[in-house]
Every structure is written in C-alpha cells, then in structure tokens.
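A quick write-up on the structure given underneath.
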Amino acid sequence: MNKCALTKAEWADFLSGDLEEERRKTMAEHIDKCPDCRAEAGQVERLLKETAAVKAEIRQAVASVNWEALPATIADRAFAASRKPERALPAARPWGWFAALRMKPALAGLAAGLVVGAAAMYFALKAPGPRPGQDTGYYASGEFLDRAELTMARRNTLDYLEKSQYVLLDVFESAGEGGGTPAPFRSEQARDLLSKKKYLNAQLERFQMAKAKAICDQIEMLFLELAQISDVLPAAELGRIRGFVEERQLLLKINLVKKELQSEI
Amino acid sequence: MKKLTVLIGLFVVLSLGSGLYAQTTPDESLFREAKLLVYDKSWAAALIKLDDLREKFPDSPYAGQALFYKGECLSGLGGRERDALRAYKDYIRLADAKPSLVEESEGSIIDLAFGLYESGDVPAIGDIERRLGHDNKVIRYYAAYKLSLVSDKKAAAKAVPILSRIIETEKDPELLDRARIALLRISPESLKSVEDRKPAPGSPRMLKIRIWDKGSKEPVFSLNIPWALADLALGALDEDDRAELRKKGYDLNKIVNELAKSKESILRIVGDDGSVIEIWIE
C-alpha cells in the first residue's frame with residue numbers, strides 16, 4: 001500500500017493533464033523521488049489506456065447503429081419476443097447472463113458503453129425538439145391554412161380558366177359548323193363552372209388577385225347566359241356571343257392570366 | 001298579278017317586321033344593354049336601365065331576370081348590401097325564376113350575409129345557417145364552407161356535419177380539399193375522425209413537418225395534416241424556405257413523394273445555418 005497521501009483520482013488527473021501547473025510540477029517532482037507513487041501512477045496510466053481503447057470500440061459500435069430505425073427495430077423485436085413462448089429461466093443461475101459478462105470485462109464495458117452511448121445519442125438526436133411519433137392529432141396554424149388556401153386559389157383559378165376556355169371554344173366551334181355539342185351539355189358544364197366560381201370569389205377577393213378576379217367575373221357572366229340555354233343555341237345567338245368574346249379579346253386575356261398564375265405556382 | 005305582287009310584298013315586309021320585332025323588342029334591347037353594362041361592371045348605369053325596364057315593361061319576360069341583375073348591381077356598388085339581399089330574395093320567390101340564376105342568387109345571399117355578419121350585423125348569419133339545410137347540395141355545401149370562415153368559432157362549428165359529409169361522400173378533389181381545409185380550421189378532431197373512418201388503402205395517412213431554428217428547443221413551424229393535403233401543404237410552405245432548400249439541391253415535393261413510395265418514415269435535413277427540417281410520413 002502507498003504510504004503517500006496521493007489518491008488514484010489525483011494520479012488520473014495528473015496523467016490526463018487536468019491539474020493546475022503548480023500542482024502538476026509538485027507531483028512530477030514527487031514521482032521522481034517516490035517509487036511507490038511511480039508504481040501507482042503506472043497502474044493508473046495503464047488503466048486509462050485500456051479505457052480509451054474501450055471508448056474507441058464504443059464509438060465504433062455506436063456509429064454502426066441506424067438510430068432512425070432503432071425505435072422501430074426495438075418495437076418489432078419487443079413484439080416478436082412477446083409472441084414467442086416464454087422460456088423458463090434457469091432457476092439455479094438467475095444471474096447467468098450477468099455472470100457471462102463478468103467472465104468478459106471488455107464485453108461488459110462495451111455493453112455498458114453502448115447503453116450509455118445509446119442514451120447520449122438518443123438525447124443528442126432528440127434535440128432540437130421532440131419527435132411527434134405519438135402525436136396523432138391534426139393541426140396547422142391559421143397562417144399556414146391561409147397560405148394553403150392561396151395555393152389552392154391559384155390552382156383552382158387556373159383550372160377554372162382552362163375549363164372555361166374549352167367551353168367557350170366548344171361554343172364557337174359549334175357556331176362555325178352550325179351544330180356541334182348539344183346545348184344541354186354546355187349548359188351542364190357552365191353550371192358546374194358557376195358553382196366552382198362561388199368558392200373562387202371569396203378567395204380571389206381575400207388574396208387580392210384582382211386581375212384573375214376581373215377575368216373570372218367576365219367569364220361568369222357569359223356562363224350565366226349559357227347556363228340558361230335550354231334548347232339548341234340559334235346560330236345568330238352563338239354568333240353574337242362569339243362576336244362579344246372576340247371584341248373583348250377574352251380568350252387572349254384568359255391566356256395572359258393563366259401564364260401569370262402558372263409562374264406563381 | 002299586280003294584286004299578287006302587292007300581297008307578296010306586304011307579306012315580306014310583315015315577316016321582316018315581325019322578325020325584327022322578335023329579335024329586338026324594346027324591353028329585350030333594354031335588357032341586353034343593361035347586361036352589357038353589368039358585364040363591364042358599370043353598376044350605376046346598369047341599375048338605371050334595369051329599373052327603367054321594370055318600370056316601363058312590368059310584364060316583360062325579362063322583368064324577373066332584371067331583379068337578379070339588380071341584385072348584382074347593388075352588390076357591386078358597395079354600401080347597399082341589404083338592398084342587394086332583398087333583390088336576390090325577391091328573385092328567388094318568382095314563379096318563373098331560372099334554376100341557374102336561383103343557384104347564383106342563393107350563393108350571393110350567403111356572401112352578402114357573411115359580409116354583413118363580419119361587419120357586426122349578427123342576425124345576418126341566420127341567412128347562412130338556414131341554407132345548411134337547403135335541398136340543393138351546391139347551396140348547402142357553399143353555406144357550410146362560408147360558415148367555416150366566420151370568426152365566431154361556435155357559429156363556425158355548425159358547418160362541421162356538412163363538411164364531414166362532403167369528405168365522406170364527394171369525389172371532386174377541389175371540393176374535398178376545401179372541405180378538409182375548412183375542417184382543419186374549425187375542428188381538426190372532426191377531420192381526424194372522418195379521415196380515420198375512410199382510410200385510403202396503400203397510401204400514407206399523415207404528413208408531419210417540423211422546422212427548428214438553430215438552437216431552438218421548440219419548432220418554429222409545426223404541421224400535422226392528412227396525407228390527402230400533402231401536395232397542397234408543400235405548395236403552401238414559405239417560399240423562402242422552399243427557395244433555400246432548392247438552393248441546397250432539395251426538391252421538397254420530390255422528396256416527400258419518394259419517401260411515400262419507399263415507405264421510409266422520416267427525413268431530416270440540416271441546413272448550413274443550423275436550422276433543421278424533419279418530415280414524417282405515417
């Protein structure tokens with residue numbers, strides 16, 4: 001036993017360079033003179049080297065773990081284990097698994113390191129915030145919902161303009177050929193577009209999409225006319241509507257607003 | 001022969017005359033002029049023509065429709081919402097009211113009532129609530145959507161049964177998205193229970209996004225929404241965030257679609273500035 005009053009902790013601090021300069025000098029001088037303390041310091045040094053080796057192994061093992069998949073793997077194994085028939089523990093050696101570790105100190109160190117490392121990594125990965133795995137309710141901020149509605153308004157306006165174009169072109173085609181799609185079909189389409197326009201109104205106003213609102217309003221007026229047609233549209237009436245649309249360059253305006261909306265989506 | 005020529009001439013003149021009359025009677029031309037003014041949003045001028053039509057030709061087939069367009073003008077003028085409301089209600093009561101214009105009038109009544117309610121006329125909300133039970137589903141749905149936007153959450157909650165029904169029974173994606181967002185706004189729990197009742201086989205159920213600023217413990221952005229709204233949600237993410245991600249070579253839409261396809265459950269992106277984005281798909 002070392003008769004000097006220096007503890008192992010002090011030697012550990014000395015060897016790892018954690019001491020103040022003055023204290024370190026005193027201890028270095030003492031080692032030179034005292035064989036007991038030299039032997040003690042040598043022992044502590046060997047111990048620290050071994051620990052460092054174990055640490056490196058732990059770091060290597062921790063790095064090889066897929067931490068993202070770990071909770072799922074643990075859960076799977078836990079469920080699998082719960083499905084397996086229970087195995088009777090050997091009555092004579094209930095601590096048998098622990099004894100096996102006792103037989104291999106390095107393995108025990110590695111296992112302990114893994115547990116500590118896993119806990120540390122879990123908390124490190126857990127930052128900066130909690131994982132909402134069990135958080136199964138829906139929620140979204142009002143601001144986000146407004147933005148979602150703006151996105152929807154742009155998409156739906158674009159869709160409305162495209163469909164309107166088809167209906168108007170269909171009307172003009174039949175005016176040119178003196179026949180074409182039966183009027184009730186157009187009327188149905190026009191009513192469908194009118195019902196969609198109701199929802200757009202509120203959004204276009206709310207998000208101050210003035211240009212899109214103006215063009216959609218003009219189309220709405222035309223569709224109100226078309227929606228009331230119960231019989232095949234007379235050629236003269238079709239010609240009148242076509243003349244009106246051409247005069248106001250409605251199809252050109254639709255294309256321009258569509259381009260703008262497409263660039264925003 | 002002369003007699004015959006005169007008779008034919010007279011017949012042609014009469015035919016042309018009656019034809020012309022059939023094409024443009026004074027009430028019809030007045031009505032057309034008014035509609036052109038409505039089209040151009042010249043509300044005051046259109047209103048004069050429409051009043052003129054109803055006064056001079058009270059029995060005209062266009063007199064009824066003129067009421068509808070009068071509602072449009074009064075509504076467009078601003079400050080005369082109650083008069084507009086009355087005009088639309090008068091039109092709806094007409095025996096020869098056209099279904100398409102009735103539907104439009106009902107929609108306008110809902111819009112006007114919403115505006116009046118939000119500006120302090122509390123009883124006006126009754127016009128929206130009564131339409132939750134309308135026979136026409138287009139009107140019923142629109143009333144529910146509009147009610148979901150009122151600031152009084154208790155009143156808005158009355159729209160929940162109709163909005164839930166839309167999600168359960170309708171197929172139109174546009175209508176479904178609107179109903180989902182409306183429910184998310186007023187009652188996320190109701191949306192959850194509706195979505196849980198009709199799971200889409202093979203597709204994820206929920207999208208979760210969290211964004212943390214460097215060093216912050218609480219996320220600066222949190223979102224849990226049904227998978228059906230994922231596309232819309234990604235489109236609605238802050239443009240700065242999206243631009244930042246694009247700069248780093250990430251296409252968020254592509255990433256989420258890949259995650260969904262590969263059945264991976266989580267993606268974590270750490271920015272150069274230390275901010276963290278995590279996306280879960282469940």
Checklist entry - Within region B:85-120, how many residues are away from chain A (no Cβ under 14 Å), within 19 Å of A:K198 (Cα to Cα) and either in contact (Cβ under 8 Å) with a residue 24 or more places away in the chain or surrounded by fewer than 18 Cβ atoms within 10 Å (Cβ to Cβ) (or both)? => result 4
Checklist entry - Does region B:197-226 hold any residues that are farther than 24 Å from B:I181 by Cβ and in contact with a helix residue (DSSP H, G or I) (Cβ under 6 Å, 6 or more places away or on another chain), and which are they? => result none
Next on the checklist: Being in contact with a Leu (Cβ under 8 Å, 6 or more places away or on another chain) and either more than 12 Å from chain A (Cβ to nearest Cβ) or modelled with pLDDT under 90 (or both): is that true of B:I211 here?
Outcome noted: no
Next on the checklist: If I go through region B:170-188 residue by residue, how many of them are over 21 Å from A:L200 (Cβ atoms) and facing chain A (nearest Cβ under 7 Å)?
Outcome noted: 1
Item to check | Flag for B:S275 being touching an Asp or Glu at 6+ places or on another chain (Cβ under 6 Å) and at pLDDT 80 or above | outcome: yes
Checklist outcome for this item: Selection over region B:128-152 where residues are in contact with a Lys or Arg (Cβ under 9 Å, 6 or more places away or on another chain) and away from chain A (no Cβ under 11 Å) yields a count of 9
Checklist entry - In region A:144-167, which residues are touching a helix residue (DSSP H, G or I) at 6+ places or on another chain (Cβ under 6 Å), in contact (Cβ under 8 Å) with a residue 60 or more places away in the chain and more than 8 Å from chain B (Cβ to nearest Cβ)? => result A:R154, A:T157, A:L158, A:L161, A:S164, A:Q165
Next on the checklist: Testing B:K41 on (1) modelled with pLDDT of 95 or more; (2) at positive phi, one condition comes back false. Which one is that?
Outcome noted: (1)
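The values are calculated or read from the model by the stated rules, or taken from the named source; none is laboratory data. In this text the structure is predicted, and so the values were computed from the model without any measurement. FYI the Cβ positions are ideal-geometry reconstructions off the backbone, even for glycines, and counts take in every protein chain you see.
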